[in-house]
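The values are calculated or read from the model by the stated rules, or taken from the named source; none is laboratory data. Just so you know, these numbers come straight off a predicted model, no measurement behind them. Don't worry about glycine lacking a Cβ; one is built from the backbone with ideal geometry, like all the others, and counts go over all protein chains shown. Ligands, DNA and RNA are stripped out before the accessible areas are found, and what is left, the full protein with its side chains, is counted by its heavy atoms. Shrake-Rupley method; radii C 1.70, N 1.55, O 1.52, S 1.80 Å.
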Amino acid sequence: AEATLFHVDNLYDRWLRDLHDAQTMSGWCHVEYPESTDICIDIIWPMHIIIVPYALYQQSGDERILRRNIDCMERYAELLYSLSDHHLFADNLFTYGDWVPIVPAERTFVGAAFYAHVTDLMAKAEARIGNTEKAKMYEARFHDICNAINLAHLHVSKDAVSYNNGSQSASTLALAFGICPKEYEDRLFRALASEIEQTKRITVGLFANAWLYRVLGDHGRNDLALRLLTDTSYTGASIPNMVNRLHNGTLNE
């Protein structure tokens with residue numbers, strides 16, 4: 001929204017150049033710039049080196065954004081690939097996980113889900129600027145990551161479809177990033193929406209919360225998304241509740 005309303009292209013261009021300067025030759029990025037104040041290992045937060053340029057391109061349609069950033073995007077994408085073990089990650093690569101969730105998905109699932117997402121973005125970015133072979137490579141890798149996640153984290157029974165530990169965060173990310181196979185999408189979404197409506201409680205963290213409303217809208221439940229944005233009777237990570245917790249200084253509790 002800020003990119004559209006306030007024309008912040010120059011601000012982000014400068015920020016991305018600072019990010020490039022801080023990126024190591026291996027592709028590693030700090031969580032913070034220009035210097036990290038928190039010595040940590042986390043592979044999700046630095047994925048902004050891929051997510052932000054692609055989001056800016058989507059807002060503006062300017063392919064030059066992708067061309068200016070593609071080398072650094074590739075370095076981080078390839079670092080993620082080298083750190084993965086058959087497209088999954090060890091738990092010690094994550095400090096934060098899904099930020100301040102009430103019922104957290106396992107950090108390894110969240111990491112793999114976002115790895116799938118940024119790999120999908122890489123395929124689209126490379127295709128957009130005419131790097132056809134690289135686009136095919138990243139697209140194939142995206143499908144391999146999804147297959148690995150589904151093998152490790154998808155649970156299907158006669159009565160239910162769920163991901164990881166059955167949390168709202170896991171369901172949201174599996175749907176948002178195209179990880180869930182098409183034949184299970186409707187069942188997974190209905191279970192997610194039904195739990196929210198029955199419990200009147202949102203348990204996702206900030207990462208999954210950013211995608212929850214898109215998932216609801218994509219599956220025809222704008223009515224539920226609107227309730228979560230306005231109804232103070234919904235507890236947990238609903239927007240009104242999170243705003244209240246922020247004002248009270250209890251967001252991290």
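From the gyration tensor of the Cα coordinates in the chain, what semi-axes in whole Å does the equivalent ellipsoid have, largest first, with each one equal to sqrt(5λ)?
Working through the eigenvalues yields semi-axes of 29, 22, 19 Å.
Within the stretch 125-190, list the trypsin sites (Lys or Arg not before Pro) lying in a DSSP loop whose Cβ has at most 16 other Cβ atoms in a 10 Å radius.
K158
Excluding residues fewer than 8 places away in the same chain, name every one of the lysines whose C-alpha is closer than 22 Å to that of K158.
K182
First measure r as the distance between the Cβ atoms of I129 and R14, then evaluate 1/(1 + (r/R0)^6) with R0 = 25 Å and state the FRET efficiency to the nearest 0.05.
Once rounded, the FRET efficiency stands at 0.70.
Report, ordered by chain and residue number, the aspartates and glutamates lying within cross-link reach of K136, taken as a straight Cα distance under 18 Å and ignoring same-chain residues fewer than 8 apart.
D71, E74, E78, D120, E126, D144
Compute the whole-percent fraction of alpha carbon pairs in the stretch 136-221 spaced more than 18 Å apart.
Beyond 18 Å sits 41 percent of the P(r) for the stretch 136-221.
Would you mind computing, in nm to one decimal, how far apart the modelled labels at A152 and T24 are, each placed 7 Å from Cα along Cα→Cβ?
It works out to 2.2 nm between the two label points.
For R214 and T230 in one chain, what is 0.36 nm times their gap in residues minus the Cα-Cα distance, to one decimal in nm?
4.2 nm is the gain from fully extending R214 to T230.
Putting +1 on Lys and Arg Cβ atoms and -1 on Asp and Glu Cβ atoms, find which of M137, S171, V161 reaches farthest to the positive end of the dipole of the stretch 75-191.
M137
Which angle between 0 and 90 degrees, to the nearest 10, do you get for helix 132-153 versus the longest principal axis of the chain when only C-alpha atoms count?
With rounding to tens, the tilt is 30 degrees.
Which one of V118, I102, Q23 is farthest out on the positive end of the charge dipole of the stretch 1-152, using unit charges on Cβ (Lys, Arg +1; Asp, Glu -1) and the Cα centre as origin?
Looking along the dipole axis, the top candidate is V118.
How long are the semi-axes of the equivalent ellipsoid of the stretch 73-204, taking √(5λ) for every eigenvalue λ of the Cα gyration tensor, in whole Å from largest down?
They are 27, 17, 13 Å, listed from largest to smallest.
How compact and how long is the stretch 81-148, expressed as Rg and Dmax of its alpha-carbon atoms in Å?
Every Cα atom of the stretch 81-148 included, Rg and Dmax give 13.5, 43 Å.
Place a +1 charge on the Cβ of each Lys and Arg in the stretch 1-150 and a -1 charge on the Cβ of each Asp and Glu, then give the dipole magnitude about the Cα centre in debye, rounded to the nearest 20.
In total the dipole reaches around 400 debye.
Add -39500 (n - 2.57) for each DSSP H run of 4 or more in the chain, then divide by its residues: what number comes out at 222 nm, to the nearest 500 deg cm²/dmol?
-20000 deg cm²/dmol
What's the extension gain from R187 to A160 if we count 0.36 nm per residue and subtract their Cα-Cα distance?
9.0 nm
Using a 7 Å offset from the Cα along the Cα-to-Cβ direction at both K200 and D144, what is the distance between the two label points in nm, to one decimal?
Computed distance between label sites K200 and D144 equals 4.9 nm.
Which peptide among 94-104, 211-221, 54-64 comes first, and what is the full order, when sorted by highest mean count of other Cβ atoms within 10 Å?
94-104, 211-221, 54-64
When ligands, DNA and RNA are left out and all protein chains stay put, how many square angstrom of accessible area per residue does the chain have with a 1.4 Å probe?
Accessible surface, normalised per residue, equals 51 Å².
I'd like the accessible area for H155, computed on protein heavy atoms only with a 1.4 Å probe and all protein chains in place. Round to 10 Å², please.
80
Straight distance only, please: which lysines reach the Cα of K134 with their own Cα at less than 16 Å, same-chain residues fewer than 8 apart left out?
K124
Nearest 20 debye, what's the magnitude of the dipole of the chain about its Cα centre given +1 on Lys and Arg Cβ and -1 on Asp and Glu Cβ?
500
Summarise the accessible area of the stretch 64-115 (1.4 Å probe, protein heavy atoms) by the percent that is carbon and sulfur.
Answer for the stretch 64-115 is 52 percent, counting heavy atoms of protein chains only.
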